[in-house]
Structure formats: C-alpha cells, structure tokens
Amino acid sequence: MKLTRRQVLVGAAAGAVGATGIYELVDQLTGGSPQRTNAAKLLPEQHLLDGIRIVDSEGIEVLVPPLHHEILTARVTPGRGDVRAARDELEQLLAKLDADYAPSPNGLGVTVAWGLPYFRRLTPDALRRHLPHDRRADRPVLFDAQRFPSDPFDTRLESNDVAILLRSDARANIDDATKRLRASKLFELTSIRRGFAGGGFEGGRSLPKQMAVAAQIPGADLIPDTSELFLGFTSTQRAGMGPGTIANFETLGYVDFRGSGYFRHGTHMHLSHIHEDLEAWYLNFDFDERVATAFKPNLRVKQDAQTVRQGPHDVSTEADVHREFRRSGQIGHSASIQTTSRLQHDVVTHDGTVFERGTAIPVRADFNTLDNPFAWSEKPDEVGVLPAAGVHFVVFNPTGDDFRRNRLAMDGHLPQRKIELEPRSRAQGFNEVLSTTHRQNFIVPPRRNRSFPLAEL
Ligand code: HEM
C-alpha cells in the first residue's frame, strides 16, 4: 500500500491534537472489526473488558485484543473547591459512554487511572485513610515509579494526574470518546498515545507487520507475516494472562484495606513506553536465539513458531532460571518473569475460586505503536517526526510492588538471588533491543469510584 506523506508521519507532524495520521490505516488494512460476541456485561472492575474472543493459534488458546488503543494523559483543571462538581460531571460523561457503547471490543472499553500527583494535590487526607497497603512489601499499593536497572539513564518518570485508556475495534468509537472528554474542559492534555494490536488471527498478514511496513520502519520486512507483535511472537496466550479478577487488590490477599472498602475491585496500573530496535532484533538474533530470549534458553520449538505454550506446567522456577543461566549464560524474558508473575502455590480466594500454582497474575494490556514516543505531547520537542516501532506497555497488577518485582525479574533480579549480568546485556532477555522512554504508576479505582476518586469525602 502506498502512503501519502501525511499518513507516514505520526503525532505532531501529522497535524493537530485530533489528527490520527498513520493510524487511519488500521481500519483499511483489517477491513474492520473481527467477529465478536455482542453479549457484554458492565463489570465492577474498570480494567476488565467483557467479550474478549479466544482463538486457536498453533494449538494454543489465545485472547484476541481490541484492534485500536489510545491513551490520554492529563492534568485535571478543577482545584480543591471544585472537585466534587467535577466528579459528578465526569461520571455523567462516562455513564453516557457506557450507555452508548457496549463495554467490549465491539463498543468501547474505558479505564480511568489516577496518579499520585492528583491525590497529593486534591485529596491528600482521604488518600492517607483509604489507600490500600501492600502487606508483602509493607508499603502503599501506589508509589512513584522508579527506573529499573536496564532502563536508559534518561527514562522520564512522569507525573500525570490521570491516564485514560480507550480500547475498541472501531477507531470512530475512540475518536468520539476522546472528543467528548476533551470538550468537558476537565482536563489539560499532557499526551496522546495510540497504537494497535492483533488483527492477524484470521490468517493473512498481521496488523503490526503491515503497519510497520507501511511506515517504512527499518527491519519491518523481517517481521514474520502473521506475527501478533513486532518482535515475532504471540503475547496474549490465555495461560500467560491473569484470569478474571486475579489482579484486583482484594483477590490474592496481598492487600490490607485498613478498614476501607473504597478501592475494592480496583487494581494498580503501570504505563510505560518502550522503543524497539526491530532491525537489530531480526539481523543480530537468529530464530533460535529469539526463542531463547523471549522464552527461555535451550527451549526446542518448531522452526518459525510464533505461539509457544506457557501453561502452568511449562513455568520456570527460580532454580530453573539459575540452572539455565549457568549452562547458557542467558536468561529468557518469560522464564525470568515467571519467577514472580506466576502463583508459587495454589490459592483459594475469599469467594472460593481456586487458582492453581503456575497461574499468571498480571493482566497485560500492552499494544504496539508507531508513536515516537507519543502521537502528541504538550512538550512538542518530545515528539519525533518519523514513526518508530515500540510498545505502550500497560499492565494491571494487584499492587505497585507486584509490578516492580516482575520488572526487576526481567532484569535478572530474581526473588531470592540476583543473576550477575550487565543491565542491557544481550544475554538478558529483550533488554539489548528495548529502551524505555517514560514510566508512571497509577491506581485504577473500581467503576463506582472511577471519577475524581476520594473527591466526595
Ligand atoms: C517491548 C517489550 C516487550 C515485548 C515485545 C514482550 C513480549 C512478551 C512475550 C512474547 C511474552 C510471552 C507471551 C506468553 O507467554 O504468552 C511475554 C510475556 C510476559 N511479559 Fe513481556 N514483553 C515486553 C515487555 C515486557 C515488560 C516491560 C514487562 C514488565 C514486567 C513484561 C512482562 C511480561 C509478563 C508478566 C509476561 C508473562 C510471563 C508469564 O507469566 O509467562 N513484558 N512478553
């Protein structure tokens, strides 16, 4: 497909805040929405989407994510005296979106997540009383984001009041929601982030491949044709994603609510942007090394496999990761993270649900992007003119520290003992080809308290 100059550009270069530039292509390339069920329930959790389809990929169950994603980050405009009114206004706006669109990929998923700067400025006393406490880490569930060992020294730690995640199979639904949110005057946008996921499960060329080729990203022609992600592997297999409400604050018992039920059915969200060097990935790593890097060293899979089984019985323990490292000098992305991302023993929750040992805990909602690093930013010097391959990494964990443990494990800092490796070494998962540009932690309140949380107290 031949693109116009305007379509190749992203972000600020594509024009004003509302311009979607290259992302207009997603609908043209996919021919619209994949088949979905129409039944969708509005759940108490904001972070869970109903109506997610499951398909078979190389004999493994895979979740089909919504095609379009957008994140708005913002400062809120109301001051301390106006937050109650603002709470009512935003709730009405969100309730109207719920009424107009089914809460599924067919319609629109809206997740409103709040950062510490909002609470510190506008509701500091209520925050002290209601913020859940992580028992294991002995610290609040929400804290300021940190840089991790493999992050570049200049990764920006952000301080947005709010991040609004919009997900849908239809670009128009997201555009409509963005328009309504911006018209409300409750927010001063700080950035817009856009991207796409999936699209390749019906056969034929996948969306990330087509988008990267259209944007003339170096290395795009080397992406396998049907790959769900730029890096060539499926990342949404069912067994690798936290099931149901597992990432809710209350589910695994990690959290002490200290007598307040305010954030029950809520969760923690981490948001980062990561650049990916596709050319280095495909030219410097052959298929076997890519498998070793993404999953674990010495794993035998069919040549050119994209979906690699990661069921509860395939999970690596910390001892396995140390043993493989002694043998090969490498650690894999999934294997090292599994030492913290999977349940170490069976868990029976307060409502009798049984999660077996090896079950995944984090609910990932990341998506590929051509933003460089954002589609738009209030700091224009932050946005590059040309598209760049990357990921807007969005993940829900039962606490901020639970995310921190996962991310440290990715760098070889395992729960019991650290693996001695250079932070950005090629021996260490994807780290050599990834660079994180921005990070922030947020709390996702339950749906009932999603609008200006704690403002009414
Ligand atoms: C551009 C960056 C990344 C790419 C391309 C990527 C890709 C992948 C892939 C292919 C898998 C295996 C999928 C599966 O088991 O179904 C995976 C698993 C996972 N990744 Fe990443 N990942 C990236 C960054 C991250 C980051 C920054 C984290 C943060 C901790 C992370 C956390 C996880 C977790 C928790 C799993 C599941 C591990 C398990 O329990 O099996 N990933 N990722």
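Only lysines eight or more places from residue 41 in sequence, or on another chain, were considered; those with a Cα closer than 27 Å are 96, 179. On the principal axes of its alpha-carbon atoms, segment 220-281 has extents of 55, 23, 14 Å, going from largest to smallest. Treating the chain as a set of equal point scatterers at the Cα positions, no solvent, please give the Debye-formula log₁₀ I(q)/I(0) at q = 0.07, 0.10, 0.13 Å⁻¹. Values, matching the q order: -0.32, -0.69, -1.24. Antiparallel beta bridges, as assigned by DSSP with both residues in segment 62-448, represent about 95 percent of the total such bridges. Net charge dipole, segment 62-448: roughly 940 debye, given to the nearest 20, about the Cα centre with Cβ charges of +1 for Lys and Arg and -1 for Asp and Glu.
Tell me, what is the FRET efficiency for residue 80 and residue 43 to the nearest 0.05, using R0 = 41 angstrom and their Cβ-Cβ distance as r?
E between residue 80 and residue 43, to the nearest 0.05, is 0.85.
Between the listed residues 440, 293, 373, the Cα displaced farthest toward the positive end of the dipole of the chain, a dipole computed from Cβ unit charges relative to the Cα centre, is found at 440. Estimated at the nearest 10 Å², the accessible area of residue 414 is 10 Å² with a 1.4 Å probe. Coupling constants for segment 186-201 follow from the phi torsions by the Karplus curve (6.51 cos²θ - 1.76 cosθ + 1.60, θ = phi - 60°), and in residue order they are 7, 10, 10, 4, 10, 7, 10, 10, 10, x, 8, 8, x, x, x, 7 Hz; glycine and proline get x. In this structure, the amide hydrogen of residue 227, modeled 1.01 Å from its nitrogen in the peptide plane, lies closer than 5 angstrom to those of 206, counting only residues at least 5 positions away or on a different chain.
Assuming R0 = 30 Å, can you tell me the calculated FRET efficiency for the pair residue 422 and residue 137, based on Cβ-Cβ distance, to the nearest 0.05?
Efficiency, from the Cβ-Cβ distance: 0.65.
Placing unit charges on the Cβ atoms of the charged side chains and taking the dipole of segment 25-139 about its Cα centre, the candidate lying farthest along the positive direction among 101, 67, 85 is 85.
Normalising by residue count, segment 135-215 has a Cα convex hull of 219 Å³ per residue.
Straight-line reach from residue 302: taking Cα to Cα under 15 Å and skipping same-chain neighbours fewer than 8 places apart, the aspartates and glutamates in range are 58, 286, 288, 289.
In segment 145-213, what GluC sites (Glu not before Pro) fall in a loop by DSSP, with at most 15 other Cβ atoms inside 10 Å? Let's see the in-between values first.
Details: sites: 158, 188, 202; in loops: 158, 202.
Hits after loop and neighbour filter: 202.
Roughly speaking, to the nearest percent, how much of the chain's 1.4 Å accessible area is carbon and sulfur? Carbon with sulfur: 49 percent of the solvent-accessible area.
Using +1 on the beta carbon of Lys and Arg, -1 on that of Asp and Glu, and nothing else charged, what's the dipole of segment 90-163 about the Cα centre, debye to 20?
Numbers: 10 positive and 11 negative charges, 66 e Å.
Using Cβ point charges on Lys, Arg, Asp and Glu, segment 90-163 gives about 320 debye.
Rolling a 1.4 angstrom probe over the protein heavy atoms with all chains in place gives segment 62-448 an accessible area of 38 Å² per residue.
Cross-link partners of residue 209 among lysines, defined as those whose alpha carbon lies under 19 angstrom from its own and excluding same-chain residues fewer than eight positions apart: 2. For segment 356-393, applying the loop criterion from DSSP together with a ceiling of 16 other beta carbons within 10 Å to the GluC sites (Glu not before Pro) yields 356, 378.
The values are calculated or read from the model by the stated rules, or taken from the named source; none is laboratory data. Since we're looking at a predicted model, the values are computed, not measured. Here Cβ is always computed from backbone atoms with ideal geometry, including for glycine, and neighbour counts include all displayed protein chains. Note: accessible area is taken over every heavy atom of the protein model, side chains too, but ligands, DNA and RNA are not part of it. Shrake-Rupley method; radii C 1.70, N 1.55, O 1.52, S 1.80 Å.
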